[in-house]
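Asker: Can you keep this structure in mind? I'll have questions shortly.
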Amino acid sequence: MTTLLTGIAELTTNDPHYGRLSDAALVLEGDRIAWVGRAKDAPAADERVDLAGRAVLPGWVDSHTHLVFAGDRTAEFEARMAGEAYSAGGIAVTVKATREASDEQLAEGLRRHIAEAVAQGTTFVETKTGYGLTVTDELRSARIAASQADEVTFLGAHLVPPGESSDSYVDLVRGEMLDAVAPHVRWCDVFCESGAFDAEQSRAVLTAAAERGLGLRVHGNQLGPGPGVALAVELGAASVDHCTYLESSDVDALAGSDTVATLLPACDLSTRQPLPDARALLDAGATVALASNCNPGSSYTSSMAFCVATAVLQMRMSITEAVRAATWGGARALRRETGDGAVGVLRPGARADVQVLDAPSVTHLAYRPGVPLTYAVWRAGQRG
Ligand code: NIG
């Protein structure tokens, strides 16, 4: 079954060969892109959809979310808006609610949040464990995540559970917990921040994960300057996420590495932190991704369009840079941007992950902030 999308006023492909095309068309075949080019050259297809002058781009690649959770933290958010600082201590509230929830409740919450994201143009979702923090609860979080998300990350080192000693918890995470969870996940992440895990504890967990064949990611430099970025670069992590407080040495290290700087502006707004210095990173040559960090504590939004608009309006990213960071950048952060079934890119052989805006160009994502512009979505060839 082939589907021809035609009447595309502006097609953003993120592929150097095709670039950005006007008067374009796309052919989807099953879960893959089969053809990209000018509408006048389009081949015949089984089905034809006329997009009547709308813009088309790859679906958002949300490379950082925490969606296996239960419970509610509205009160914490209200307190923060009244002046209280975000300390990440609220993670323990979600851990308690998550442990008390049934598998079915966790799976239904995950389904609902992924559906919410897809309805807003997200077609590829990474999510993490990290609200279980026992071997049993991290394992079931990983299994539930793997049943629905495109990518799963183990975040047993999210917080030391209240009442436990940090060194013995690190030993548990890098031993028995990793042994149990590793078969169900592709990535391991650590919250390397004062109040969570220090550089040596983070290194111990990440090294143990690498020995089991997992790729590495780091939560770093979220609440203050710290060792997270340097550690991520040293260990060859695929991405370091947050990057809110960067020293110039961090920017230089990222620019000279393959580690993606994943920026989470919705989180910085929701926790009343400064926004990260995207301009310094881009100007230095670092690869930047944008992600939602959807979670019940620090960033309860699944809207990648909100992140893109914020990046353009408040972080001095161009619309082209922001759209690329939220698509190709996320794919690069997950090492999914190349090969058969690549995401974040529209070229023959890529996964058929397509979003159509109810607007003639991607510029409208920032020009009309807050307006729901998603017109249609195909996720792995399935119309959402
Ligand atoms: O990425 N920083 C640590 N983890 C999450 C916050 C989770 C929470 O507050 O529940 C984050 O912001």
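Asker: Please count how many residues of the range 232-263 are touching a Leu at 6+ places or on another chain (Cβ under 8 Å), in a loop (DSSP other than H, G, I, E, B) and closer than 15 Å to residue 276 by Cα.
Answerer: Matching residues across the range 232-263 total 4.
Asker: I'm checking my understanding of the structure. Among residues of the range 234-256 that are over 19 Å from the mean Cα position of the chain (by Cα) and among the hydrophobic types (A, V, I, L, M, F, W, C), which one is nearest to residue 329 (Cα to Cα)?
Answerer: Going through the qualifying residues, I end up with 255.
Asker: Assess whether residue 73 counts as being assigned by TED's automatic domain parsing to the domain that holds residue 297, under 26 Å from the mean Cα position of the chain (by Cα) and of a type in the set (Lys, Arg).
Answerer: Criteria met by residue 73.
Asker: Looking at the range 266-324, which of its residues are among the polar types (S, T, N, Q), more than 15 Å from the ligand (Cβ to nearest atom) and farther than 23 Å from residue 237 by Cβ?
Answerer: If the condition is that a residue be among the polar types (S, T, N, Q), more than 15 Å from the ligand (Cβ to nearest atom) and farther than 23 Å from residue 237 by Cβ, then 303, 310, 314, 318, 320 are the ones that fit.
Asker: For the range 122-150, enumerate the residues that are among the acidic types (Asp, Glu) and within 16 Å of the ligand (Cβ to nearest atom).
Answerer: Within the range 122-150, 126, 137, 138 meet the criteria.
One line per residue, one yes/no per condition, for (1) within 23 Å of residue 307 (Cα to Cα); (2) away from the ligand (no atom under 16 Å from the Cβ); (3) surrounded by 24 or more Cβ atoms within 10 Å (Cβ to Cβ):
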site	(1), (2), (3)
30	no, yes, no
37	no, yes, no
61	yes, yes, yes
75	no, no, no
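Asker: Tell me, which strands (runs of 3 or more DSSP E) lie completely within the range 276-384 with 1 or more residues that are in contact with a helix residue (DSSP H, G or I) (Cβ under 7 Å, 6 or more places away or on another chain) and more than 24 Å from residue 113 (Cβ to Cβ)?
Answerer: Here the list reads 288-290.
Asker: Out of 71, 130, I need the residue that is buried (at least 24 other Cβ atoms within 10 Å of the Cβ), in a loop (DSSP other than H, G, I, E, B) and at pLDDT 95 or above. Which one?
Answerer: 130
The values are calculated or read from the model by the stated rules, or taken from the named source; none is laboratory data. Since we're looking at a predicted model, the values are computed, not measured. Every residue, glycine among them, receives a Cβ derived from its backbone with ideal geometry; neighbour counts consider all protein chains shown.
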